[in-house]
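K.L.:
Dropping the structure in here first, questions after.
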Amino acid sequence: MIKRTIAVLAAGLSIAGAGITAASAATLDQVKQRGVLHCGSNPGLAGFAVADDKGQWTGFDVAFCRAIAAAIFDDPNKVKFSPLTAKDRFTAVQSGEVDVLIRNTTWTMSRDTTLGLNLGPVNYYDGQGFIVRKSLGLKSAKELEGASVCVQQGTTTELNLADFFRVSNIKYEPVTYASAVEAVKAYDSGRCDAFTTDASALYAERLRLTAPDDHIVLPDIISKEPFAPVVRHGDDQWFDLVRWTTYALINAEELGVTKANVDEQLKSENPEVRRLLGVEGNFGEGVGLTQDWVVRIIRHVGNYGEIFAANLGTNTPLAIDRGLNNLWNNGGILYAPPIR
Amino acid sequence: MTTTGETTNGRTTVGPIAFVRASTVPAQKPPVLVGGPVAWVRANLLSSPLNVLLTVIGLYFIYLIVPPAVRFLLVDAVWTGDDRNACLAETVGREVGACWAYVGFRLRFFVYGAYPDGELWRANLVFVLCLVGIVWLLSTRMPRKGLGAVYFFGVFPVAAFILLYGWPAIGLRRVDTSLWGGVVVTLVLAFTGIVVSLPFGILLALGRRSRLPLVRLVSVIFIEFWRGVPLITVLIMANTMLPLFLPGNISPDKLLRPIVGVALFASAYMAEVVRGGLQAIPKGQFEGAQSLGLNYWQLTRLIVLPQALRIVIPGIVNTFIGLFKDTSLVSIVGIFDLMRTIEVSLADPRWSTPVTAPTGYAFAALFYFICCFGMSRYSIAMEKRLAAGHDRQGTVK
């Protein structure tokens, strides 16, 4: 995507700045002292970060910020969201303007190694997908022989598209547009057989079509776009806290600990649940918090599955399938290290 | 003409003259073909073959644009509803135009952003105070303009700041600027820009014409620097790069940075507009004033500026309007002005339909148009009032 390209350029320009603040340590202490978590978020991405009619932030990424705040303060509202554009986002982390960036940011090697940042773990596995008319009766992107595909110009999406069809040895006709909006409009008006962009965005774009139910998102994913939280280099304790918050959410789903039953689960006999909720062991202190840190997270924001269902799942207008983002023992690839 | 008169005491008195009218004949309307609407059409629209052609082309464009626009914005529009289903053609069962229900649902967000619910009265009070100031200053009938100016340029900004930002000491909860949004932010940006740029621009213009080399140099450098960089560069520098140059614990407010940028930027443009007016004042005015013994500031304040500013009213208002519209650029650096709030709300799946985005942008266009058109009309009225003693050629009647 263009935004992403610009982001890399902008970030490249600001590498010089990375060194200046890399040494700032003890983010957790600063956050505690300040009484509020500064979280970088997307200014508006359906399902991931959306301001509601009162300006309150909701969404999948937003819930992860709230989870961190809940772990620290026992209050998911002690977050100040800084909506960041693609090009601002890394500088905002580097300069300390935000403590953590959870903004559908693809984890790539260059971002992890050259910007003075740490990324991970993945909280959403995205990838580039296709949307086509149901009437075409297609089952896979490999059947798009000779099809015309609407795509946004000058983006990695366009390059991925070319790679995919060259590797699969299929003929296709790319129809490029300067913006995603134009590309969707062209697809809607019948100019192309398919439209391609990140799969999570496809579901949102689908709602903008005249008759959304006449279109389906093909199961093929032709690129890897793992989204991960971002923190600064130089504060491993804080990085641990951010990482293990994500892991705790995934583990909680795996162990069946939900918002509704978390208090019951405190009495559970299952040693894994007991360790997760801090009934046994003292794992919360390892990340600078108290042992019941996960209880606070789950009580306020729920587990990974609940967050997904509330913001992206089949009961929302987006209706995104869990797919890769299912647990490892449920057909997906979400796999969190155990708490022990 | 002879009179039938008699001579008394050597004077001739004149009797009634039967065939001369005693009263004026009431004026008759000109024939319809010369003065009526038909004549107007003939004179203005159909006076030559070229004009006939242009009229036809013009009418064709109106036909092309106006009916579909009215259809989309009014006839086919959806006025009520709770979510996207209200604005989907398939659920409504007819073609759907603008989805005003979405604007209604989001209006609070468009006007106040994330400003806390319980504190909305503070923003409303600021709107009212602002309106009072505008009416006071702009209406010709209101008294005590001097006091009005002090209120508008001195008291109001401070009061507005305290109200919006809060002052815990007097019981007003602090509302972080990150929660401000929508029309509030757009007006704060535009108002600060306008209030700062006019006086600052006048000073810079005077400075640039000053005989003191240092003052002149500083003014020239300032003006040329700010005119030489695009506003968007200024904003990106302020919001993205500035934090990198400052030590970690110093972080100027994220809204303050673009406000300062916009105000300085507008000042440079204002300075050049005012300088144009200063240069149009004949040398005789300066010499006349000096011969009366006025010093520099008296001469500037009493003789030069009143004339110069009157000349450049169109230019000043032009700069204001440009500034007002330029405030929408801050949306690029993540400030929640009206444009940004609209764009953000477009991401909400609850309302995403094919017509949501056009409706949102139509709403923005309407808001900006009303504001800018208002400024423009006011400036024309002002010009007329100030030019009362001059006709259009600028000669004294």
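K.L.:
Quick one: compute the contact order of chain B, relative version, from alpha carbon pairs under 8 angstrom and 6+ residues apart, as a percent.
P.N.:
Contact order relative to length: 16 percent.
K.L.:
Can you work out ³J(HN,Hα) from phi for every residue in segment A:306-321, in order, using Karplus 6.51 cos²θ - 1.76 cosθ + 1.60 and θ = phi - 60°, giving whole Hz and x for Gly and Pro?
P.N.:
My calculation for segment A:306-321 gives 5, 4, 4, 5, 6, 10, 10, x, 5, 8, 9, x, 6, 6, 8, 6 Hz in order.
K.L.:
Shape verdict for chain B, please, from the Cα gyration tensor: rounded (a/c under 1.5), prolate (a/b greater than b/c) or oblate.
P.N.:
oblate
K.L.:
Next question, about the same structure. Can you find, among B:Tyr296, B:Gly201, B:Leu172, the residue sitting farthest towards the positive end of the charge dipole of segment B:155-306, where Lys and Arg contribute +1 and Asp and Glu -1 at Cβ?
P.N.:
B:Tyr296
K.L.:
Angle between the Cα long axis of helix A:2-13 and the longest principal axis of chain A, 0 to 90 degrees, nearest 10?
P.N.:
50
K.L.:
Could you rank B:Ile65, A:Ile221, B:Ile236 by how accessible they are, 1.4 Å probe, largest area first?
P.N.:
Sorted descending by solvent-accessible area, the residues read B:Ile65, A:Ile221, B:Ile236.
K.L.:
On to the next question. Calculate how many DSSP beta bridges within the protein assembly as shown are antiparallel, expressed in % of all such bridges and rounded to the nearest 5.
P.N.:
55
K.L.:
Helix-only estimate, please: 222 nm mean residue ellipticity of the protein assembly as shown, summing -39500 (n - 2.57) across DSSP H runs of length 4 or more and dividing by its residues, to the nearest 500.
P.N.:
-15000 deg cm²/dmol
K.L.:
Let me know the charge dipole size of segment A:35-166 about its Cα centre in debye, to the nearest 20, where only the beta-carbon of Lys, Arg (+1) and Asp, Glu (-1) is charged.
P.N.:
260
K.L.:
Tell me the net charge near B:Leu137. Cut-off is 15 Å between Cβ atoms, B:Leu137 excluded, with +1 for each Lys or Arg and -1 for each Asp or Glu.
P.N.:
Value of the local net charge: +4.
K.L.:
A follow-up question, please. Is the shape of segment B:132-290 rounded, prolate or oblate, going by the alpha carbon gyration tensor and its root eigenvalues a ≥ b ≥ c, with a/c under 1.5 for rounded and a/b larger than b/c for prolate?
P.N.:
oblate
K.L.:
Could you compute how much accessible area chains A and B hide from each other, both sides summed, with a 1.4 Å probe? Nearest 100 Å² is fine.
P.N.:
About 2700 Å² of accessible surface is lost on pairing.
K.L.:
Mind listing the lone cysteines of chain B, meaning no other Cys beta-carbon sits under 4.7 Å from theirs?
P.N.:
B:Cys130, B:Cys371, B:Cys372
K.L.:
Still on this structure: Please sort through the DSSP H helices of chain B and keep those with an alpha-carbon extent of at least 24 Å along the long axis and a Kyte-Doolittle average not below 1.6.
P.N.:
Span-like helices here: B:49-70, B:120-138, B:182-208.
K.L.:
Something else: Consider a paramagnetic label point 7 Å from the Cα of B:Val195 along Cα→Cβ; state which residues of segment B:226-266 have an amide N under 20 Å from it.
P.N.:
Residues passing the 20 Å test: B:253-266.
K.L.:
Right, something else. Using a 1.4 Å probe and ignoring any ligands, DNA or RNA, find the accessible area of A:Thr157 and quote it in Å² to the nearest 10.
P.N.:
Around 10 Å² of this residue is reachable by solvent.
K.L.:
Follow-up. With a 10 Å cut-off between alpha carbons and a GNM built on chain A, which of A:Ala180, A:Ala228, A:Ala260 moves the most?
P.N.:
Its mean-square fluctuation being the largest, the pick is A:Ala260.
K.L.:
Compute the signed sum of charges (Lys and Arg +1, Asp and Glu -1) over the other residues within less than 15 Å, Cβ to Cβ, of B:Trp297.
P.N.:
It works out to a net charge of +3.
K.L.:
For A:Leu117, list long-range residues whose amide hydrogen, built 1.01 Å from N in the peptide plane, is under 5 Å from its own amide hydrogen.
P.N.:
Hits under the 5 Å cutoff: A:His233.
K.L.:
Now, a different point. Could you give the length gained on full extension between B:Cys372 and B:Ala39, defined as 0.36 nm per residue of separation minus the Cα-Cα distance, in nm?
P.N.:
Computed gain between B:Cys372 and B:Ala39 is 116.5 nm.
K.L.:
What shape does segment A:189-235 have by the C-alpha gyration tensor, where a ≥ b ≥ c are the square roots of the eigenvalues, rounded means a/c under 1.5, and otherwise prolate means a/b greater than b/c and oblate the rest?
P.N.:
Here segment A:189-235 falls in the prolate category.
K.L.:
Note down the magnitude of the dipole of segment A:234-340 about its Cα centre, charges +1 on Lys and Arg C-beta and -1 on Asp and Glu C-beta and zero elsewhere, to the nearest 20 debye.
P.N.:
With Lys and Arg at +1 and Asp and Glu at -1, about 160 debye.
K.L.:
Quick one: among B:Leu323, B:Leu264, B:Leu246, which has the greatest mean-square fluctuation in a GNM of chain B with alpha-carbon springs under 10 angstrom?
P.N.:
B:Leu246
K.L.:
If you don't mind, there's one more thing I want to ask. With a 1.4 Å probe and all protein chains left in place, how much accessible area per residue does segment A:107-152 have, in Å²?
P.N.:
For segment A:107-152, the solvent-accessible area averages 38 Å² per residue.
K.L.:
Leaving out ligands and nucleic acids, and using a 1.4 Å probe, what accessible area per residue does segment B:70-229 come to in Å²?
P.N.:
52
K.L.:
Just to be sure I understand: with springs between alpha-carbon atoms less than 10 Å apart, which residue in A:Arg34, A:Arg275, A:Arg66 has the highest mean-square fluctuation in the Gaussian network model of chain A?
P.N.:
Highest fluctuation of the listed residues: A:Arg34.
K.L.:
Heads up, I need the accessible area for A:Glu306: 1.4 angstrom probe, whole protein in place, Å², nearest 10.
P.N.:
Accessible surface of A:Glu306 is approximately 60 Å².
K.L.:
State to the nearest 20 debye the size of the charge dipole of segment B:216-372 about its Cα centre, where the only charges are +1 on K and R beta carbons and -1 on D and E beta carbons.
P.N.:
Charge dipole of segment B:216-372: 280 debye, to the nearest 20.
K.L.:
Express the relative contact order of segment B:191-302 as a whole percentage, based on alpha carbon pairs under 8 Å and six or more residues apart in sequence.
P.N.:
41
K.L.:
Can you list the HN-Hα couplings for segment A:43-48, worked out from phi with the Karplus curve (6.51, -1.76, 1.60; θ = phi - 60°), rounded to whole Hz and with x for Gly and Pro?
P.N.:
x, x, 9, 3, x, 9
K.L.:
Normalising by the residue count of chain A, find the relative contact order in percent from Cα pairs under 8 Å and 6+ residues apart.
P.N.:
21
K.L.:
Taking amide hydrogens as modeled 1.01 Å from N in the peptide plane, which residues meet the under 5 Å criterion relative to A:Lys80, leaving out close sequence neighbours?
P.N.:
Residues meeting the amide H criterion: A:Leu37, A:His38, A:Cys39.
The values are calculated or read from the model by the stated rules, or taken from the named source; none is laboratory data. Quantities reported herein were computed from a predicted structural model and do not represent experimental measurements. Cβ sites come from the backbone with ideal geometry, for glycine too, and all protein chains shown count toward neighbours. Just the protein is used for accessible areas: all its heavy atoms, side chains included, with ligands, DNA and RNA removed. Shrake-Rupley method; radii C 1.70, N 1.55, O 1.52, S 1.80 Å.
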